[in-house]
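A quick write-up on the structure given underneath.
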Amino acid sequence: MSLLYIVAESGADAAFYALCAARITGHEFMPIPLENRKADGVEMVKVQLKYALRQARGAASGGDAVCFIAAMDNDRAPHPENAAMDRSKLSRKDRDEPNRAEWMRELVASVFGQNTTAWPLPVALAVPVEMLESWIFRAVSPTEPQPTPLFSTADSESARAYYSQSATPPQWKDIVAEKQSQMGISDKRAFQEMAARELDAVALAARSLSFRMFKEWLDQWPKAVATE
Amino acid sequence: MSYIKEIALKNYRSFVDARCRLSPFTLIVGANNAGKSNLLKAFADLSMFVSRHGDVDDWSQKRHHASKSYDVEIHADWDDAGPLTTRMLTDEEMEEARKRREEMRKQWEAALDGQHPFKPAPAAKYRGFTGTLSVYAFDPTVIGNPEGGDAIPFIRPNGAGVSWILDKWNSGAKAGRERFAQVVADLRRCVPEIEALSFYDVVAGKRGVQVEQFGLPNPVPLSEVSDGTRLVLAILTLINLESPPPVILLEDINRGLHPRLYERIVEFLRTIANEGKTQILATTHDPYLIDEFRDNPEAVVIVEKKDAASTLSNLDDRLKTFLEPGEELEMPLGQVWFSGLVGGVPQMKLPEILKPAKP
């Protein structure tokens with residue numbers, strides 16, 4: 001069984017990504033979840049990611065079969081999936097955000113080298129737009145209209161400022177919480193795991209460009225690595 | 001300075017074969033149920049073995065539950081006195097140990113009678129291991145409660161006895177008053193709001209500790225101040241005993257403490273330990289407390305459970321799995337631990353749900 005390093009924003013998120021990898025590659029993994037804390041800032045996540053990549057490389061060179069998932073919510077950073085967003089209405093902090101998928105790839109390349117085919121272990125990058133909840137909702141609601149909110153919750157200051165409305169529309173966490181409630185699952189982690197178990201990866205890739213990009217990474221993983 | 005610089009455990013409680021280095025002040029981290037408390041208990045059992053000349057109760061109960069071997073060992077290496085291995089004894093050896101212990105008791109009684117000087121056993125070279133160590137899991141609701149009586153006061157594992165000891169010191173001979181003054185001075189260093197400690201009568205023979213704070217006109221009972229302050233007071237009282245334990249074993253050292261106090265308290269305890277007054281081993285789950293060991297990660301021990309066996313490792317060794325030689329750590333040490341990079345965090349129970357869907 002392969003070791004699967006997962007750098008994500010929480011244990012629940014890491015579980016979701018691990019399950020996605022199992023569903024898409026068809027293999028079992030022994031997960032090694034590494035949590036980052038968004039409150040520590042992107043720079044800290046970069047440092048942690050660098051260390052985790054080195055550690056995974058060390059494990060791989062020691063003979064272990066090792067795979068790696070690096071995940072981070074997009075949070076309104078530039079991405080092909082949100083190209084229609086009016087960035088001028090974002091806060092300055094959001095406007096200054098670099099493309100997260102790109103910097104994550106560059107960071108991996110800074111440790112493993114620019115030639116992705118020569119990387120010492122299979123890597124997948126996950127940058128859900130705008131956050132993991134968008135994948136979860138689309139996974140469990142394939143036939144429902146697909147919302148495209150930008151923020152976490154409607155009552156957040158940044159959401160109210162962006163929409164300039166007295167009644168800000170529901171945002172991703174609001175929408176998923178409502179869906180979770182409708183399905184009668186009280187535990188968030190259990191809900192996410194259910195979404196991953198029932199995942200139709202091909203269908204979700206058709207509805208979410210960011211998920212498709214994640215799946216493309218996983219599709220490139222050599223089958224032999226994951227079965228050792 | 002005398003302290004245990006290394007410990008190795010074989011088939012002992014949750015450990016099968018584990019070893020780590022120790023410092024004068026060692027922080028022990030790990031997930032719940034990883035084996036941190038068992039590591040502390042090893043020192044208590046070690047002290048029992050030394051002070052009772054090998055006559056340790058219920059060795060079989062201390063054996064790893066999955067181990068078929070009776071080869072149970074606690075090996076400790078002092079920086080000055082050298083190594084000592086305790087192991088589960090055969091019935092014959094246990095009988096010998098009991099005889100030696102009986103002989104010791106007679107010598108001790110004779111010494112108390114003044115008949116001839118007490119000769120310490122060879123094991124006494126292991127720095128102060130002449131009594132059994134306790135694992136202290138201080139309960140703030142107990143510390144400082146009114147106490148008194150005729151028996152010899154001592155600090156119990158939950159912190160009971162602190163009021164009584166402080167009162168005896170304060171109202172007793174010069175040496176005791178000096179110890180009391182030292183405790184107050186140390187407490188003020190750790191919790192600057194505190195001005196003084198005094199006592200109040202509750203019922204005949206029972207007195208409680210009260211705290212005088214800057215800016216407040218009247219003292220308040222210790223039970224009214226924060227859990228953290230009471231915890232610090234218990235630790236300080238323990239350290240200032242005439243014969244403090246050679247190793248102080250503390251569960252959840254930061255229980256109730258504000259993180260901003262950590263720097264002061266860690267510095268204070270490290271100084272005490274480095275001076276050789278006692279060795280301190282403390283458990284925690286708090287990354288902010290681990291941050292205080294940034295300059296000596298070797299003093300942080302990680303306890304992890306793998307395949308139903310607890311393992312030990314020093315944090316400085318774990319850092320080498322991702323730091324280049326000579327490279328500075330670019331994130332707080334506590335964050336490194338929290339992230340899972342060095343282990344010692346709760347494991348993700350996923351193997352059973354990671355199985356791919358059936359086609």
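The values are calculated or read from the model by the stated rules, or taken from the named source; none is laboratory data. The structure presented is a predicted model; accordingly, all values stated were derived computationally and were not measured. Here the Cβ is made from the backbone with ideal geometry for all residues, glycine too, and neighbour counts use every protein chain on show. We work out accessible area using only protein heavy atoms, side chains counted, and drop any ligands, DNA or RNA first. Shrake-Rupley method; radii C 1.70, N 1.55, O 1.52, S 1.80 Å.
Structure data summary
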{"read-out": "Within the stretch B:214-254, considering residues that are assigned to a loop (DSSP other than H, G, I, E, B) and closer than 21 Å to residue B:51 by Cα, the one most open to solvent (accessible area, probe 1.4 Å)", "value": "B:242"}
{"read-out": "Candidate set: the stretch B:301-326, residues that are open to solvent by less than 50 Å² (accessible area, probe 1.4 Å) and assigned to a loop (DSSP other than H, G, I, E, B); chosen: the one nearest to the other protein chains (Cβ to nearest Cβ)", "value": "B:322"}
{"read-out": "Pairs with Cβ under 9 Å, 6+ apart, first in the stretch A:170-183 and in contact (Cβ under 8 Å) with a residue 24 or more places away in the chain, second of a type in the set (Lys, Arg)", "value": "A:176/A:188"}
{"read-out": "Evaluation of residue A:23 against (1) open to solvent by less than 30 Å² (accessible area, probe 1.4 Å); (2) assigned to a helix (DSSP H, G or I); (3) within 20 Å of residue A:195 (Cβ to Cβ); (4) not hydroxyl-bearing (Ser, Thr, Tyr) (one fails), failing number", "value": "(1)"}
{"read-out": "Pair list, Cβ under 7 Å, 6 or more apart: the stretch B:151-171 residue under 17 Å from residue B:139 (Cα atoms), other residue open to solvent by 60 Å² or more (accessible area, probe 1.4 Å)", "value": "B:161/B:154; B:163/B:207"}
{"read-out": "Among (1) touching a helix residue (DSSP H, G or I) at 6+ places or on another chain (Cβ under 9 Å); (2) free of Cβ contacts under 8 Å to residues at least 40 places away in the same chain, the one test that residue A:143 misses", "value": "(1)"}
{"read-out": "Residues within the stretch B:261-295 that are open to solvent by 50 Å² or more (accessible area, probe 1.4 Å), outside any helix (DSSP H, G or I) and closer than 25 Å to residue B:345 by Cα, tallied", "value": "4"}
{"read-out": "Residue within the stretch A:40-47 that is touching a strand residue (DSSP E or B) at 6+ places or on another chain (Cβ under 9 Å), touching a residue at least 60 places away in the same chain (Cβ under 8 Å) and among the β-branched types (Val, Ile, Thr) present", "value": "no"}
{"read-out": "Wholly enclosed strands (runs of 3 or more DSSP E) of the stretch B:1-55 bearing at least 2 residues under 12 Å from the mean Cα position of the chain (by Cα), β-branched (Val, Ile, Thr) and buried (at least 23 other Cβ atoms within 10 Å of the Cβ)", "value": "B:25-30"}
{"read-out": "Yes/no for residue B:177 being more than 25 Å from the chain's Cα centre (by Cα) and without any contact (Cβ under 8 Å) to a residue 40 or more places away in the chain", "value": "yes"}
{"read-out": "Residue within the stretch A:199-213 that is in contact with a Phe, Trp or Tyr (Cβ under 7 Å, 6 or more places away or on another chain), farther than 26 Å from residue A:156 by Cα and in a helix (DSSP H, G or I) present", "value": "yes"}
{"read-out": "Segments classed as helices (runs of 4 or more DSSP H), wholly inside the stretch A:77-158, with at least 3 members that are of a type in the set (A, V, I, L, M)", "value": "A:100-112, A:132-140"}
{"read-out": "Matching residues in the stretch B:327-343 - criterion: being more than 10 Å from every other protein chain (Cβ to nearest Cβ), closer than 22 Å to residue B:255 by Cβ and open to solvent by 10 Å² or more (accessible area, probe 1.4 Å)", "value": "B:337"}
{"read-out": "Residue match in the stretch A:11-20 (condition: surrounded by 20 or more Cβ atoms within 10 Å (Cβ to Cβ), more than 10 Å from chain B (Cβ to nearest Cβ), within 13 Å of the chain's Cα centre (by Cα) and not in a helix (DSSP H, G or I))", "value": "no"}
{"read-out": "Odd one out for residue A:52 among (1) open to solvent by 10 Å² or more (accessible area, probe 1.4 Å); (2) touching a residue at least 12 places away in the same chain (Cβ under 8 Å); (3) facing another protein chain (nearest Cβ under 7 Å); (4) among the hydrophobic types (A, V, I, L, M, F, W, C)", "value": "(1)"}
{"read-out": "Pairs with Cβ under 6 Å, 6+ apart, first in the stretch B:78-100 and within 18 Å of residue B:48 (Cβ to Cβ), second assigned to a loop (DSSP other than H, G, I, E, B) and at pLDDT 80 or above", "value": "B:88/B:72"}
{"read-out": "Any hit, the stretch A:39-46, residues being open to solvent by less than 30 Å² (accessible area, probe 1.4 Å) and modelled with pLDDT of 85 or more", "value": "no"}
{"read-out": "Yes/no for residue A:32 being part of a strand (DSSP E or B) and away from every other protein chain (no Cβ under 11 Å)", "value": "no"}
{"read-out": "Near pairs, Cβ below 6 angstrom, 6+ apart or cross-chain, from the stretch B:300-325 (of a type in the set (D, E, K, R)) to any residue that is part of a helix (DSSP H, G or I) and modelled with pLDDT of 95 or more", "value": "B:316/B:297; B:316/B:298"}
{"read-out": "Test for residue A:102: is it within 13 Å of chain B (Cβ to nearest Cβ), open to solvent by 50 Å² or more (accessible area, probe 1.4 Å) and without any contact (Cβ under 8 Å) to a residue 60 or more places away in the chain", "value": "no"}
{"read-out": "Options A:71, A:65, A:56, A:52; residue that is closer than 26 Å to residue A:138 by Cα and aliphatic (A, V, I, L, M)", "value": "A:71"}
{"read-out": "Residue within the stretch B:168-178 that is at pLDDT 85 or above, open to solvent by less than 90 Å² (accessible area, probe 1.4 Å) and among the acidic types (Asp, Glu) present", "value": "no"}
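Residue-by-condition table, conditions (1) of a type in the set (Ser, Thr, Tyr); (2) open to solvent by 20 Å² or more (accessible area, probe 1.4 Å):
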{"position": "A:106", "(1), (2)": "no, yes"}
{"position": "A:121", "(1), (2)": "no, no"}
{"position": "A:129", "(1), (2)": "no, no"}
{"position": "A:134", "(1), (2)": "yes, no"}
{"position": "A:149", "(1), (2)": "no, no"}
{"position": "A:161", "(1), (2)": "no, yes"}
{"position": "A:170", "(1), (2)": "no, yes"}
{"position": "A:173", "(1), (2)": "no, yes"}
